[in-house]
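A.B. asks: My structure is below; once you've seen it, I'll send some questions.
The values are calculated or read from the model by the stated rules, or taken from the named source; none is laboratory data. Everything numeric here is computed off the predicted structure, so don't read it as measured data. Cβ placement follows ideal geometry from the backbone for every residue including glycine, while neighbour counts extend to all protein chains displayed. For accessibility, only protein heavy atoms count, side chains too; no ligands or nucleic acids. Shrake-Rupley method; radii C 1.70, N 1.55, O 1.52, S 1.80 Å.
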Amino acid sequence: MAMTNFRVFFLALLLLLASPLLHVARCQSDADVDVAEAADEGGELGIVGEDVQEFGDENFSPAPGVNTVCVFPKNSAKLVPAGEEAELLVGLKNDGDLDVNVIAIKASVHLPFDHRMLVQNLTAQGFNNASVPTSAQATFPYIFAVSKYLQAGNFDLVGTIIYEIDQQPYQNTFYNGTIEVVEAGGFLSVESVFLVTLGIALLVLLGLWIRGRIQQLSKKTKRAPKVEVGTGTTDASMDEWLQGTAYTQSQASKSKKKK
């Protein structure tokens, strides 16, 4: 009887421990089915677009008659907070004979002293049905974010816009210059706070040192007080102590002779 109760308790314990695992497995299988259904239905799964994947790792020449410019709106200093979104605007002017179909914008961050040293590939941003007719111009926003672990400092940003003309891919580099990465939460970095605090402390120490030097010089310039020497006056306590001695007797005899 005791053995039977132990087996029942053991089986119940196993079912209790296995129920979360079964639930997790079921959730994972349901998620896989949802992803598969979304893929079959052509739903978006966070992928920018097939065109970006196809042309993202290749380099193309610019098309004749297509010119680009870049502007950092409300950010002329080109300050990019680490881990936070930043925006730039890409202007494209089509002076060619055919329409331009814009596919995507991509960018990368490099070390300023050596462009071969890649720091980060930024997210590519795709565009659907973005066409620029001949003799027209258009502006395309590009939102990007550098890594939150990127150290503050100057880096080079290389931005490229990819487009098609008559189903032939081209690309233009709209920006190849310096940006300044700053710490998130404000443009005042920890290094700046440390330097400001250190500067204030040095100024306080300098003020204390100057004050001490001035006090020392003022003490030296003061004249020592004059000490006047008297004519040999004797204290009353001294007379009482010497009373009855040979000294007092000699003094008394001297005073009698003077009289």
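A.B. asks: (1) over 21 Å from the mean Cα position of the chain (by Cα); (2) open to solvent by 50 Å² or more (accessible area, probe 1.4 Å); (3) more than 13 Å from residue 158 (Cα to Cα): which one isn't true of residue 104, the others all being true?
C.D. replies: All conditions are met except number (2).
A.B. asks: Ok, one more. Determine whether residue 109 is part of a strand (DSSP E or B) and at negative phi. Walk me through how you get there before you give the answer.
C.D. replies: Numbers: part of a strand (DSSP E or B): yes; at negative phi: yes.
When the stated conditions are applied, residue 109 passes them.
A.B. asks: Okay, moving on. Is it the case that segment 165-173 has a residue that's in a strand (DSSP E or B), open to solvent by 40 Å² or more (accessible area, probe 1.4 Å) and touching a strand residue (DSSP E or B) at 6+ places or on another chain (Cβ under 8 Å)?
C.D. replies: Going through segment 165-173, the residues in a strand (DSSP E or B) turn out to be 165, 168-173.
If we keep only those that are open to solvent by 40 Å² or more (accessible area, probe 1.4 Å) as well, we get 168, 170, 173.
Now drop any that are not touching a strand residue (DSSP E or B) at 6+ places or on another chain (Cβ under 8 Å), which leaves 170, 173.
Checking segment 165-173: at least one residue is in a strand (DSSP E or B), open to solvent by 40 Å² or more (accessible area, probe 1.4 Å) and touching a strand residue (DSSP E or B) at 6+ places or on another chain (Cβ under 8 Å).
A.B. asks: Inside segment 33-61, can you point out the residues that are open to solvent by less than 80 Å² (accessible area, probe 1.4 Å) and at pLDDT 50 or above?
C.D. replies: 55, 56, 60, 61, listed by residue number.
A.B. asks: Within segment 112-144, track down each residue that is assigned to a loop (DSSP other than H, G, I, E, B) and open to solvent by less than 40 Å² (accessible area, probe 1.4 Å). Reasoning before the result, please.
C.D. replies: Pass one, segment 112-144, residues assigned to a loop (DSSP other than H, G, I, E, B): 112-113, 122-124, 133-135.
Correct list: 122, 124.
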